[in-house]
4 protein chains.
Amino acid sequence: MSKLNVALLGATGAVGQRYVTLLGTHPSFHLQVMMGSSSVGKVYSEAVRWMHPDAIPSSIASMKVMPATPESAKGCDVIFSAMPSEAAKDLEPKFAAAGYAVVSEASAHRMDDDVPLIVPEVNPDHLKLLHDQRKSRGWKGGLVTTPNCTVTGLAMVLKPLLKAFRLTKVVVTTMQAISGAGYPGVPSLDIVENVIPYIEGEEDKVVREATKILGTPSGGSILPCTIPMAVSCNRVPVVEGHLENLYCEFSTPLAPTDVVKALEAFRSEPQQLGLPSAPAVPIIVRSENDRPQPRLDRMAGSVPGMSVVVGRIRRGIDDKSLQLVLLSHNTIRGAAGSAILTAELMESRGLLG
Amino acid sequence: MSKLNVALLGATGAVGQRYVTLLGTHPSFHLQVMMGSSSVGKVYSEAVRWMHPDAIPSSIASMKVMPATPESAKGCDVIFSAMPSEAAKDLEPKFAAAGYAVVSEASAHRMDDDVPLIVPEVNPDHLKLLHDQRKSRGWKGGLVTTPNCTVTGLAMVLKPLLKAFRLTKVVVTTMQAISGAGYPGVPSLDIVENVIPYIEGEEDKVVREATKILGTPSGGSILPCTIPMAVSCNRVPVVEGHLENLYCEFSTPLAPTDVVKALEAFRSEPQQLGLPSAPAVPIIVRSENDRPQPRLDRMAGSVPGMSVVVGRIRRGIDDKSLQLVLLSHNTIRGAAGSAILTAELMESRGLLG
Amino acid sequence: MSKLNVALLGATGAVGQRYVTLLGTHPSFHLQVMMGSSSVGKVYSEAVRWMHPDAIPSSIASMKVMPATPESAKGCDVIFSAMPSEAAKDLEPKFAAAGYAVVSEASAHRMDDDVPLIVPEVNPDHLKLLHDQRKSRGWKGGLVTTPNCTVTGLAMVLKPLLKAFRLTKVVVTTMQAISGAGYPGVPSLDIVENVIPYIEGEEDKVVREATKILGTPSGGSILPCTIPMAVSCNRVPVVEGHLENLYCEFSTPLAPTDVVKALEAFRSEPQQLGLPSAPAVPIIVRSENDRPQPRLDRMAGSVPGMSVVVGRIRRGIDDKSLQLVLLSHNTIRGAAGSAILTAELMESRGLLG
Amino acid sequence: MSKLNVALLGATGAVGQRYVTLLGTHPSFHLQVMMGSSSVGKVYSEAVRWMHPDAIPSSIASMKVMPATPESAKGCDVIFSAMPSEAAKDLEPKFAAAGYAVVSEASAHRMDDDVPLIVPEVNPDHLKLLHDQRKSRGWKGGLVTTPNCTVTGLAMVLKPLLKAFRLTKVVVTTMQAISGAGYPGVPSLDIVENVIPYIEGEEDKVVREATKILGTPSGGSILPCTIPMAVSCNRVPVVEGHLENLYCEFSTPLAPTDVVKALEAFRSEPQQLGLPSAPAVPIIVRSENDRPQPRLDRMAGSVPGMSVVVGRIRRGIDDKSLQLVLLSHNTIRGAAGSAILTAELMESRGLLG
């Protein structure tokens, strides 16, 4: 089978680099075009401040960074956008209008009524919005977004809880890795031997995006899920892996052992289709008292960084409330990995190329 | 005025050292006797693995460590105990029986019916348990305890909330400093570039002790406060300062601005009495988005380390819920500092000497 | 005695803030004027991203930031410059020409022939360059500089070694704190759980500045000390305190115990004059195996942050070589503190006001 | 080809765990027996406090921990020892006497005259000591040791320098990872936001072991290399990867570019034999200013963790001195990985089985 050609918008940033590490060995996507802004004309290895332990794949290192225009992407079947939100706002619609399928990690269009906000295991059915989007916007291509890095793991854990139990309230406290802020991102003077109990705009995004992802398609848009959520976001001196402490309430009693079963049993379309970036077990449940931990568990599972790891599933205040801890890799499952898995899902549905 | 003589049980451990830094310059307590176990007979400066930036006060450095017996403490007016809980269990009652006032940081007797568990600004009235304690136990002295380091700051913030508003539920997520585990405590291999979402026994202690502290004296014991609490404890790579994210529910609507006022206005007996270790402002409210932070705020206030710093006071899910962040210095306000303030309070009430 | 009036250039940066913490309680300097660039017109507390645990002194918090011109500093006796080097290049001479005594932490003019580069305990006699400087430049005021933060502690330790022994070679390896890079400075993604074995331009600066400081005034300039030095600079995840490992060779044998004595006995003009920022003991020698350590020892001494702490004084390869470890506080002794002590020295010599 | 059977002494410790991660997929060694002390009788997964991101290989997880006696190892061709030095002292000779080939990471016998201390790329010829060892000790098996984790990378870099240039002096300053101290090892209270400029016994070990490894077999022992070395060891808050700053002197001038060539060209017997754990390039030279860095480079190369990464090769004080930075993975190249490579070398020479 010939590979699909892929273009990357915002190739030199932190998320852009993560795409490069993941696409370098991808079985069905071929990274053909790198697009950027300030580094146009440079060879990728010189344009980037490479931050990963593994080297830049040699085939990619020598690629030239092209200007961020639809013309640069000629011949590509899908555009991954790792642009800053500001730049993405105007640019992504141009690519979609020019006939490209755009899968974007930028926040600019996530909340647009007709733009699907996808976590492949959670709401693959939301891709049907693309139909309305093309009609109403007159685009030949389309724009699909993936959520904020803090939302993905949360939505994946809430989905089976919503399905199996009568969830009525969620209180989330996050401890987020510094890589979530990009590069240069968080100054070391702010975070070494410290915790910052605030991430700008993050708490609102978590509520807004999670309720859209868990919502129901209706007409050409999504009716958000109405479960009330309270969110507190903290930055901690961890390189990768967002940890979240959840307190949940339900309208009927539930046993923690049943929750374990529901989470462990969770499978979805990406697993059924055997998509290359789909982890065999989307939610790994640990039974030890002191897991998950970011440094030990962020790369767990059959596709490193793509599984959410859950632990400490226990009774809350009473038998109608529950507490648990979840961990998801913020630049893989929470960013580039989810976008790639989304594109794989779109390909399998004939929405690419 | 002549000073009261003070003895320290468990003088070489992490909390013991904090007592030494605080008592070295205390205006009305004179550290007269150091007691330990494995280091008996050694000079303090040689017995201790001193961990503080400031030097051991020279008058204390040369003191000899005595065996942990009532005889060693002869002539002392109060015994501060920083013993491990195991050792404290049998030992502290011996001192109390021998006529000493014991103020203990150990967890061994905190939940005993007739033992006051004191945060001086929160429940000074619980000291009245001492009366019953002496009678029922036949002690000439008495035993007073101070709570777990995570509880103190929480109780101080909940007290004015309980007083001013109809609090109905509390969800607490902590990010706790490594010094809370003592020395050697947390291995660096476990916590560098990591978060551990578990501290053994801690969550139960927080609920149990907080509800006792916020409870009501009745007969010779305390009727615990009945507000339901859910607690999740995490260890983070911070040296000192426990950060806590709170989500609270109330039975009637409340405005965050009113909460700010209630917390800022909070004063109690230690402030009214002008006790030496009482901070002028027990709860400092910060208005910035990103405060309190452990490294920046743990030593805030007129008595460094004794104020609780609160920030991000904001609406929760609706106008009957609230979120906030609090920080308290775990080895000062959460340990030695609170015990010393408790002794000052006891002295002012004539319960010492 | 009335205080001297002081102006601060570059008041909002990392070093500027350190000046504020030190001048807030200074016995003979009164911080009268704050000057900046982008924040002109704002009140200081709003212009600054304050990074210190202690609050901004209230008298300073409400000061308005003035434009960086000689007019703003009218009535001031000394100007402290914490400007970026680029800006300092043209600006500092303007202040000196206008009659002000400028004491600068910027690197722009440190190596100018007629500009003294001062560590007050090491080369107070270099201030005599000011005489020639005024003549040749036609300035009514003058410009004095203080060295790079890595140099100060090194020069202080080398001075007594040079005096007492025949030093012939120095190999220095540094482990430098992140605050040395200013704010935002080192991105956390670069330094958390990591060491960076490079600091741009630093190694050359250390050699150049140390040999000037240890040099001899001759004519209107300084003959540099000719001892060969090899320097390697590393950045480590420490907030404050530069640690340096020294290997030194001598032309004659020496005993480590004699080195201990020479370092401990070191006193200089600032101590003799009893200057307010002069530590009683400029070089504190620790006898423990594992000291100095940045977190424990950076604030040692009678004037916190102004003493250099030395340890592990031991034989090198043979009895003509020596190894030791030194620590100096990079933003106090290595920056603002040394500049203030330099101004105190100038005042005592009648070079101010 | 059938695999050789392997037994592991000290299977549950930090180094023991590293063996497990490396042997789990080894092409020619089959981990057949796990031996321990306190955990005898338990299944490995329950006996160990597993600290690695990757799971325990399932075939190993269910193995039972056997007592540390020659009988337990029956049928094994080689014994890897990751025992504490104390225990290794008596135990390893018992296994060697019983006919086993023992490859040990323990320090107990490293400096014994007739015991080879091997870095496979540096001194494979030292294995000939085994012949004398068997004769003089009357052993049927034999004992081979591998050096301290700080020595391995250093010896690998010094070897080609010694061969190509007239090296006369070495000054080494290390920044060592916490995993080098095992588990629980360094308390977090000692190392978070800190550097400890001391590691007990380490500096002597580095000199002693490096000069033995770089020495010449003569009679039944090794004449140590006589190049003088000065060593300073520091502990830094890094999880894995020892960084070392080298200053070297030579008797004749040399060009840094020639040093780059000599290091890059270095190959040895393990590469020629194509041993499974031999990295294609033993010494990787980076040309960037700011590399190697522990977090980015510790897993570099064709066999992750087995290459030494060198950077900042530059002139020292003059053209007869040199400075460089090297990094080696302390628990792979510096411990289990080197021991496994040593066993592979022994196998290829017919010294096993």
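With a 10 Å cut-off between alpha carbons and a GNM built on chain D, which of D:Thr252, D:Thr69, D:Thr152 moves the most?
In this elastic network of chain D, the residue with the biggest mean-square fluctuation among D:Thr252, D:Thr69, D:Thr152 is D:Thr252.
Could you pull the copy-to-copy label distances for A:Met51, with points set 7 Å along Cα to Cβ, in nm to one decimal and sorted shortest first?
In ascending order, 1.8, 2.7, 3.2 nm.
Ratio of Rg to Rh for the protein assembly as shown, alpha carbon only, Kirkwood?
With Rg and the Kirkwood Rh in hand, the quotient comes to 0.97.
Treating the beta-carbon of each Lys and Arg as +1 and of each Asp and Glu as -1, no other charges, what is the dipole magnitude of chain B about its Cα centre, to the nearest 20 debye?
Dipole size: approximately 500 debye.
Within a Cβ distance under 11 Å of C:Leu296, other residues only, what is the Lys/Arg minus Asp/Glu net charge?
So the environment of C:Leu296 carries a net charge of -2.
Can you give the relative contact order of the range C:149-329 as a percent, counting alpha carbon pairs under 8 Å and 6+ residues apart?
Over the range C:149-329, the number comes to 27 percent.
Picking from B:Ile118, B:Ile340, B:Ile196, which is most flexible by a Gaussian network model of chain B using Cα springs under 10 Å?
Maximum fluctuation in the GNM of chain B, among the listed residues, is at B:Ile196.
What residue of chain A has the nearest C-beta to the axis that moves A onto C, and what is that distance in Å, given as a whole number?
Axis-proximal residue of A, distance in whole Å: A:Ser188, 2.
Filter the DSSP H helices in chain C by two things, a Kyte-Doolittle mean of at least -0.5 and an axial alpha-carbon span of 24 angstrom or more, and list the hits by number.
C:149-164
How are the C-alpha pair distances of the range D:149-329 spread across 10 Å bins, as whole percents from the shortest bin up?
Per 10 Å bin, starting at zero, the Cα-Cα P(r) for the range D:149-329 comes out as 9, 36, 37, 15, 2 percent.
Between copies, how far apart are the C:Val260 label points? List them in nm, one decimal, shortest first, with each point 7 Å from Cα toward Cβ, please?
Label point to label point, same position, other copies: 4.7, 5.8, 5.9 nm.
Over the range A:1-117, how many percent of alpha carbon pairs lie in each 5 Å bin up to the one with the longest distance?
2, 12, 24, 25, 20, 11, 4, 1, 0
Is the shape of the range C:130-196 rounded, prolate or oblate, going by the alpha carbon gyration tensor and its root eigenvalues a ≥ b ≥ c, with a/c under 1.5 for rounded and a/b larger than b/c for prolate?
oblate
Kindly provide the trypsin sites (Lys or Arg not before Pro) of the range B:1-92 that DSSP labels as loop, not H, G, I, E or B, and whose Cβ sees at most 16 other Cβ atoms within 10 Å.
Passing sites in the range B:1-92 are B:Lys3, B:Lys42, B:Arg49, B:Lys74.
So what is the relative contact order of chain D, in percent, for Cα pairs below 8 Å that sit 6 or more residues apart?
17 percent
For the pair A:Glu288 and A:Val260, how long in nm is the line joining their label points, each one 7 Å along Cα→Cβ?
Between A:Glu288 and A:Val260, the simple spin-label model gives 1.6 nm.
For A:Ala55, what is the net charge nearby, where nearby means another residue's Cβ is under 13 Å from its Cβ and Lys, Arg count +1, Asp, Glu -1?
So the surrounding residues net to -1.
Per-residue mean of other chain beta-carbon atoms within 10 angstrom of the beta-carbon, peptide D:237-250?
Mean inter-chain Cβ contacts per residue within 10 Å come to 5.
If the elastic network links every pair of Cα atoms under 10 Å, which of D:Ala339, D:Ala61, D:Ala155 fluctuates the most in the Gaussian network model of chain D?
It is D:Ala61.
From the label point of B:Pro184, set 7 Å along Cα to the beta carbon, how far off in nm is each other copy's matching point, shortest first?
B:Pro184 label point versus its equivalents elsewhere: 0.7, 3.8, 3.9 nm.
As an exercise, find the ratio Rg/Rh for chain A from alpha-carbon atoms, using the Kirkwood inverse-distance average for Rh.
0.96
Going through the cross-link list B:Lys42/B:Lys94; D:Lys42/D:Lys212; A:Lys74/A:Lys128; C:Lys205/D:Lys163, which pairs have a Cα-Cα distance over 30 Å in this structure?
Over 30 Å apart, Cα to Cα: D:Lys42/D:Lys212; C:Lys205/D:Lys163.
Filter the GluC sites (Glu not before Pro) in the range D:193-251 down to the DSSP loop ones having no more than 10 other Cβ atoms within 10 Å, then list what survives.
Sparse-neighbourhood loop GluC sites (Glu not before Pro): none present.
Average partner chain C-beta neighbours within 10 Å, per residue of B:168-181?
4
For peptide B:222-230, compute the average count of partner chain beta-carbon atoms within 10 Å of each residue's beta-carbon.
Counting Cβ atoms of other protein chains within 10 Å of each residue's Cβ and averaging gives 2.
From the helices alone, meaning DSSP H stretches of at least four residues, give me the mean residue ellipticity at 222 nm for chain B, per-run term -39500 (n - 2.57), in deg cm²/dmol to the nearest 500.
The helix-only estimate for chain B comes to -8000 deg cm²/dmol at 222 nm.
Counting Lys +1, Arg +1, Asp -1, Glu -1, what net charge surrounds B:Ser232 among other residues with beta carbon under 11 Å of its beta carbon?
Its environment carries a net charge of -2.
Every number here is computed from the coordinates shown, using simple stated rules; none is lab data. Just so it is clear, the model here is predicted, and its values are computed rather than measured. Cβ atoms come from the backbone with ideal geometry, glycine included; neighbour counts cover every protein chain shown.
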